[in-house]
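Visitor: Take this structure, written in structure tokens, and hold onto it; I'll ask about it next.
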Amino acid sequence: MKTMTYNPSPLEVEFANIIEGLSGEIEKKLNGNKIVAVDKNNVVDNPLVRLTLQDQDGDKHMVIIKIIQKPDSMV
């Protein structure tokens, strides 16, 4: 598959959607932390998924996953 666009690329967008859809599975592996919000932006150059977590003390934390596909010629 030749990638024709990178800003964002279809593969980057697909990965962002997959990560968002797997938030329930990710939460099961977080040792008592809960995912209380998922915010996805897949229209920017490098899509990102923001996960807001709540720990057992009730404190909130944010983890941001930024998805970057390198140009095919760099692989």
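The values are calculated or read from the model by the stated rules, or taken from the named source; none is laboratory data. The structure displayed is predicted, hence computed values, not measured ones. Positions of Cβ are backbone-derived with ideal geometry, glycine not excepted, and every protein chain shown enters the neighbour counts.
Visitor: Can you name every residue in segment 4-17 that is among the aliphatic types (A, V, I, L, M) and farther than 13 Å from Arg50 by Cα?
Guide: Met4, Leu11, Val13
Visitor: Something else: When you scan segment 53-68, do you find a residue that is charged (D, E, K, R) and either under 23 Å from Met4 (Cα atoms) or at pLDDT below 95 (or both), even just one?
Guide: Looking through segment 53-68, at least one residue is charged (D, E, K, R) and either under 23 Å from Met4 (Cα atoms) or at pLDDT below 95 (or both).
Visitor: In addition: Quick one: which of Asp59, Asp39 is surrounded by 10 or more Cβ atoms within 10 Å (Cβ to Cβ) and of a type outside the set (Lys, Arg)?
Guide: Asp39
Visitor: How do the strands (runs of 3 or more DSSP E) wholly within the chain filter down when requiring 3 or more residues that are within 13 Å of the chain's Cα centre (by Cα) and touching a residue at least 24 places away in the same chain (Cβ under 8 Å): which remain?
Guide: Fully inside the chain and qualifying: 48-54.
Visitor: Kindly establish whether Lys28 is of a type in the set (Lys, Arg) and either surrounded by fewer than 12 Cβ atoms within 10 Å (Cβ to Cβ) or at positive phi (or both).
Guide: Taking the combined requirement at face value, the residue satisfies it.
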